Every structure is written in structure tokens, then in C-alpha cells.
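Right, one structure below, let's go through it.
The values are calculated or read from the model by the stated rules, or taken from the named source; none is laboratory data. Being a predicted model, the structure only gives us computed values, none of them experimental. Ideal geometry is used to build each Cβ from the backbone, glycine not excepted, and the neighbour counts take in all protein chains shown. Just so you know, the surface numbers come from the protein's heavy atoms only, side chains and all, with ligands and any DNA or RNA stripped out. Shrake-Rupley method; radii C 1.70, N 1.55, O 1.52, S 1.80 Å.
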Amino acid sequence: MKILVTGSAGFIGFHLVKKLLERGDEVVGIDNINDYYDVNLKYGRLNELGIDKEAIVDNLPISSSKYDAHRFVKVDLSDKEEMDRLFKRECFDAVMNLAAQAGVRYSLENPHAYVESNIVGFLNILEGCRNHGVKNLAYASSSSVYGLNQSQPFKTTDKTEHQVSLYAATKKSNEMMAHTYAHLYGIQTTGLRFFTVYGPWGRPDMAPMLFTDAILNDRAIKVFNNGKMSRDFTYIDDIVDGIIKVIDKPAQVNEAWDAKNPEISSSSAPYRLYNIGNNAPLPLMTFIETIEEALAKKAQKNFMPMQDGDVVSTYADVSGLINEFAYKPDTKLKDGIEKFVLWYKEFYGVNKDAV
């Protein structure tokens, strides 16, 4: 299968591309390599895929030195003309859209970046699929769409009208846009609401990296809501496993769908929504303690109030993926954090025996 993976220099995109190539797919990865966080980390991921930083030229495909079936293009999703050229040139069988302006808190500071990337960019993906015959589209949504919903675990049948950040609002918009194109043009669209992904090559603006860096450098970590938070921490390998399952089995029309009593996560169109998470939330303090154990060093903690745009708890009901794809996230937090810490020390040149 020939697959377009957007955001391939990103955390999840990098891992997905690697796994797809290892199983024999042809993969074109794209990314705009913006400076939301350290671009050296993005180039490091690309280097692991055989993409040489010095060879990258805007809008031109370059071949991997490690994988014969991989090419990379530095292009911005919001560039309508270049995205259309890409779709016309490549003739994809499937698309996995992971590119987005990430970060809940950053959306309070730079809202325009979210509209350009997450809405305009996603429209260009939808139009590329529509105009060039791609019927299989999967895309990243987010657990943040649940917003003020207090009912847990979060179910895809729950109503999601009350987002608390612009980032979340753009992800909700993606779900609505995807349904429209599924209904109008028969594009098989599958949305995945991600829950707190962690692991090697993770983003530096996320808790594992922030906490590990602070602890190793004797700085206090920021613990929001005075530590009274929980998250459905999900290891990257479990996430990638779920993504591949939905790529291989694109959304179908729900024949049992009833317009008088509609199920929000499916439709009379070929449209599906799934939560993808560990289905087992843990307290934030347990997460911090696990990192402390892996580093053999205690954290200095600065307890702080709740941040605007944040939520107290996330908990994924993943019964949809379990029932339809036999999805089974099974990485224990201790094992996942140990793998992350080993990668962190190697990538950043930290003495592996240092505390």
C-alpha cells in the first residue's frame, strides 16, 4: 500500500512511518518542520528514517538512504497548490493525517497557527483526497474534544460541544469536516482521539520530557492543579498498533445507523470515530514517581493551580477499537518510562549511570 503520512517528523508520525516501512509499505512523509519546538529533534527523527537534513529542499521529494520505499517532502499543509501537486503526483492508496499545530497551552498564545495548520491544512488534505481518488483517510483527533464533559470514561457516543481550548475546537472541527466529506464524496474517514501519548522521541513540551529534563538538571517541576490530576498515559507502540489497524480496515457505512437515534461515532456515511488510549488512567503523582524511579532521583516539585484550557482527568473508553479491531494496549507504565529514559539519556548525551 502507498501511504501518505503527514507530520512524519513529529513524534507519532515518525514511529508510524518506521513501522509501516518495516512491514513493507511504501510511505511518503511530509512535514513543514516548524519551530514550535527544537527542530534538531525533528531532524533527528528524520535521520533515523534515512532523510538527510542537508538534502531537504522545500516542496521537493527526497529519497531515504535507509528505506527504498520511503521519500520525504518538506511542505506546509496550508499550501493549497503544493498539496494538490503532491496528491496528483503520488496517487496514494491511503492517508494518515498526523500533522497539526500541537499543544493546548500554546493555543492561548498563538491561535492563528492552529487555524492555518489544523483547519486550513486539514481542508487541503480532504480536497486532495476528493480530487485525486483517495478513499481511505485516517486522521488524528484528540481527547481534548471532550472539554467540560465530566462523565468518565470518555465515550465516542458522548456529546462534545464544550471545548476549553482553541486546539480542542480545531480537532472537533476536523471531525465535522471529515463527516461532511464522507457524506458528500464517499471518502472513508476514520478519526482517532488520542490520549496522552508518551515514549522515545517524544515532544519536549510534554510531561515526560519536561519532568526528566528538570529532574536531571536540579530544577523544580511544575505540578498543576496541585497534583490532583490523572491521565490515560499510552505508550507510543500501542498507539501505532491502533493506527495501523484502522488504516488497514477503513471506515464503512453503519448499516444499523438510525437518523432518529443517531450514534455520534458512526453514520450513514463511511465515517468512524474511535478513542485510542490505554483504557487505564493513572494519577499524575504516580506518573512522576515512575519517572523518579527510572532516574533514581527525586524531583523538586512546584505545586501550582490548574492551567487555563486544561482538564483534571482523561480516561478513554476504547471498546470500539477492542471490539472491531482486537486492539489491546498492554505496555506497563514502568516499562514505557524506562524505555523513554534510556532513549533520552542516549539522545541528549546524558551519562546513563548519572543521577
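I'd like to check one number: the per residue accessible area of the chain, probe 1.4 Å, reported in Å² as a whole number.
Working: 15540 Å² over 355 residues.
Result: 44 Å² per residue.
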The answer for the per residue Cα convex hull volume of the stretch 273-334, in Å³, is 98 Å³
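So, R0 is 30 Å and r is the distance between the beta-carbons of R85 and V350; what FRET efficiency does that work out to, to 0.05?
Working: r = 43 Å, r/R0 = 1.43.
The pair R85/V350 has a calculated efficiency of 0.10.
Which sequence of R85, R71, R193, R272 reflects their accessible areas, 1.4 Å probe, from the largest down? Display every interim value, and only then the final one.
Working: R85 120, R71 60, R193 0, R272 30 Å².
Listed by decreasing accessible area, they come as R85, R71, R272, R193.
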Given Cβ charges of +1 for Lys and Arg and -1 for Asp and Glu, the option among N110, M177, G242 whose Cα lies farthest towards the positive end of the dipole of the stretch 110-269 is N110
Expressed as a percent, the accessible surface of the stretch 49-157 that is carbon or sulfur, using a 1.4 Å probe and the full set of protein chains, is 48 percent
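Report the extension gain between N149 and E116 in nm, rounded to one decimal, defined as 0.36 nm multiplied by the number of residues separating them, less their alpha carbon distance. Please report the intermediate quantities before stating the final value.
Working: separation 33, 0.36 × 33 = 11.88 nm, distance 2.69 nm.
Separation in residues times 0.36 nm, less the Cα-Cα distance, equals 9.2 nm.
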With the label point 7 Å along the Cα-to-beta-carbon line of E109 and a cut-off under 16 Å to each amide N, the hits in the stretch 19-48 are 34-39
For Cα Rg over 2.2 N^0.38 Å, with candidates [x] 0.96; [y] 1.13; [z] 1.09, the value calculated from the shown model is option [x]
Placing +1 on each Lys and Arg Cβ and -1 on each Asp and Glu Cβ in the stretch 264-355, then taking the dipole about the Cα centre, the residue among Y271, F340, V311 whose Cα reaches farthest towards the positive end is F340
Relative to the compact-globule estimate 2.2 N^0.38 Å (N residues), the Cα gyration radius of the stretch 188-277 stands at a ratio of 1.52
Between K328 and L282, Cβ-based FRET efficiency (R0 22 Å, step 0.05) works out to 0.75
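Averaged across orientations, what area in nm² does the convex hull of the alpha carbons in the stretch 223-325 project? Don't jump to the answer; show the numbers that get you there.
On the way: hull surface 35.8 nm².
The directionally averaged projection comes out at 9.0 nm².
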One finds the C-alpha centres of the stretch 199-234 and the stretch 247-301 to be spaced, in Å, by 20 Å
In order over the stretch 133-143: 3J(HN,Hα) from phi, Karplus 6.51/-1.76/1.60, θ = phi - 60°, whole Hz, x for each Gly or Pro, gives x, 8, 9, 10, 10, 10, 8, 8, 9, 7, 5
Full extension between S268 and K66 adds, at 0.36 nm per residue less the Cα distance, a length in nm of 68.4 nm
D258 and M206 label points (each 7 Å along its Cα→Cβ direction) are spaced in nm at 3.9 nm
